[in-house]
Amino acid sequence: MAMEKENNSFGQVQHLRARWHDYRSKGFYLITLVTEGRVKAFGHLVGGSEATAHIELNALGIEVQRCIDAIPDYNPETEIVDRVVMEDHCHICLHVKAEMKKHLGMVVRGLKSATTRFYLQQLDAKEGGYHLLNRDLSKGKSSRIRHTDANFVSVPVSSPVGGSMSAAPSSATPPILVPPLWSEGYHDRIVTRYGQIARQKAYIQRNPVRLWLKRHADRALAQVRDFRIPLTFEKAMRLKKSAEQWDLRRDVLHSQYSQRHDGIHYAETYVQMVQKFLRKNAEAPFLKCRTCGNADLLFSGRPLVRVRMSRSITETQFREEAERLLGACEREGAILVSPWRSWSEKELLKLVRMNGYEHIVIYGEAMSYVWKPQDGSICNHHQTIPSWWQPLPFADSDIDLVYEGRVLYLALWPNRPRGERAGKPDCEIMNEVGAMLEE
């Protein structure tokens, strides 16, 4: 199967499939298919509350769901872990139990073929005539067109139920050209770590709820926007001094970011980074960052308390510090502020969310204007946890907390390249910002 490609924000070719992965091998995948032009072809959202929100599927949506469930019948190496059909897309958590003879993309192609055939048959019955797909009417990125007669484009011949598409009826009446049902390609996410399957299932099951929240909750809370936090002159100079100190260690700690293979130099000094979001004058210095969530938490008048806990913390120290911080939230209405980077901070964050307390996340990675938090995006951790601690289960999803106004994300370097993670100097500057907010 040809490798699908697209151009990234730097104008470079980016492969949509993981080049290091064999898509015939065993594993778990989260597959997403989207309708052409995001047309709401499968049904509509119903429900008067978050608890009752669900998608009411039409005939085409029911057929899409049936074809998804039928995939293991014709691909016995696979099983459906979970799936959801939304108004204009669907998510499938697919388990490949044994090595397949064909690429995963052929399974997806078969699903598209079977549902497209039903889609065209519906149009034939409803509007009369004979309908054919025309890629010229597509809004997708691909310029590849499969010709059958002039500009007519047929649907693919394979399907998850086997067999082939029926031939076009012979008629003097020209066929009616319609856009494709599905956009070109598909998105897949490969499970590579323990715990991702549970998050994928939670993501799938809560899709209708998130859509309901998006349409009915306060959308202003979920918007990403530039923001200015006023600083005193002393705090501004202290932040600059901290950046200068950590810049001395940049070449040692961040040598892997000094020069990328594409020739773009990303490793600016931390002094330059700070000066980009720190603008000072004689009267009103401020910290410029990007935010998502409830910005009123910064100016509510309630105490802001910084959280900083070591990875090597003992059981007694953890419990004492957790009791102190959660007690401050309960008695004083404190709002906890932290990058939440170490495993101990992330476990405390789960306790904070379980108890419904507001908090601020100092975010060290990229944050575009279409960024949104994902389920478990902060609470997951890949660090060694001591044997005395039993990891807590995942709490409420991040996006739900944003819509409820219980969290604020502050991105200090929102325009850094995707995939570049915060290093030790970044974390120290983030902790310094947390200390300044606490004062």
Here, Lys101 and Glu127, labelled 7 Å along Cα→Cβ, have an inter-label distance in nm of 3.8
If unit charges are put on Cβ atoms (+1 for Lys and Arg, -1 for Asp and Glu) and the dipole of region 41-103 is taken about its Cα centre, the option from Ile55, Met86, Gln65 lying farthest towards the positive end turns out to be Gln65
Non-local residues with an amide H under 5 Å from the amide H of Tyr363, with H modelled 1.01 Å from N and Pro and chain starts lacking one, are Leu410, Ala411, Leu412
Cross-link reach from Lys241 to aspartates and glutamates, straight Cα distance under 20 Å and at least 8 residues apart if same chain, gives Asp251, Glu268, Glu283, Asp426, Glu428, Glu432, Glu438, Glu439
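Tell me whether region 337-422 comes out rounded, prolate or oblate; compute the Cα gyration tensor, take square roots of the eigenvalues as a ≥ b ≥ c, and use a/c under 1.5 as the rounded threshold. Before the final figure, lay out the partial values.
Details: a/c = 2.10, a/b = 1.30, b/c = 1.62.
It is oblate, given that a/c is not under 1.5 and a/b is not larger than b/c.
Take Phe118, Phe42 and sort them by solvent-accessible surface of the protein heavy atoms, 1.4 Å probe, largest at the top. It would help to have the intermediate numbers written out before the result.
Working: Phe118 55, Phe42 0 Å².
Final ranking, largest accessible area leading: Phe118, Phe42.
Nothing charged except the Cβ atoms of Lys and Arg (+1) and of Asp and Glu (-1): what's the magnitude of the dipole of region 314-439 about its Cα centre? Round to the nearest 20 debye.
Numbers: 13 positive and 21 negative charges, 81 e Å.
Magnitude of the dipole: close to 380 debye.
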Per the 1/(1 + (r/R0)^6) rule, R0 = 30 Å and r from the Cβ atoms of Lys241 and Ala284, FRET efficiency to 0.05 is 0.95
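Ordered by packing density, taken as the mean number of other Cβ atoms within 10 Å over each peptide's residues, highest first, how do 229-235, 61-67 rank? Intermediate values should be presented prior to the final figure.
On the way: 229-235: 15.6, 61-67: 19.4.
Those peptides, ordered most packed to least, come out 61-67, 229-235.
Hey, which of these cross-link pairs are over 32 Å Cα-Cα: Lys101/Lys126; Lys112/Lys350; Lys288/Lys346? Walk me through the intermediate numbers first.
Values: Lys101/Lys126 39 Å; Lys112/Lys350 40 Å; Lys288/Lys346 26 Å.
Over 32 Å apart, Cα to Cα: Lys101/Lys126; Lys112/Lys350.
Would you mind counting up the charge near Pro72? Only other residues with Cβ under 14 Å from its Cβ, with Lys and Arg at +1 and Asp and Glu at -1.
On the way: positive: Arg66, Arg83, Lys97; negative: Asp69, Asp73, Glu77, Glu79, Asp82.
Computed value for this residue: -2.
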For the pair Thr32 and Ile80, the simple spin-label estimate (label points 7 Å beyond Cα toward Cβ) gives in nm 2.0
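Taking the Cα centre of region 51-138 as the origin, how large is its charge dipole in debye, to the nearest 20, when only Lys and Arg (+1) and Asp and Glu (-1) carry charge on their Cβ atoms? Please list the in-between numbers first.
On the way: 10 positive and 13 negative charges, 69 e Å.
So the dipole magnitude of region 51-138 works out to roughly 340 debye.
The values are calculated or read from the model by the stated rules, or taken from the named source; none is laboratory data. As the structure is a computational prediction, the values presented were derived from the model and not from experiment. Quick reminder, even Gly has a Cβ in these numbers, built from the backbone with ideal geometry, and neighbours come from all protein chains shown. When the accessible area is computed, the model is the full protein with side chains, heavy atoms only, and any ligands, DNA or RNA have been set aside. Shrake-Rupley method; radii C 1.70, N 1.55, O 1.52, S 1.80 Å.
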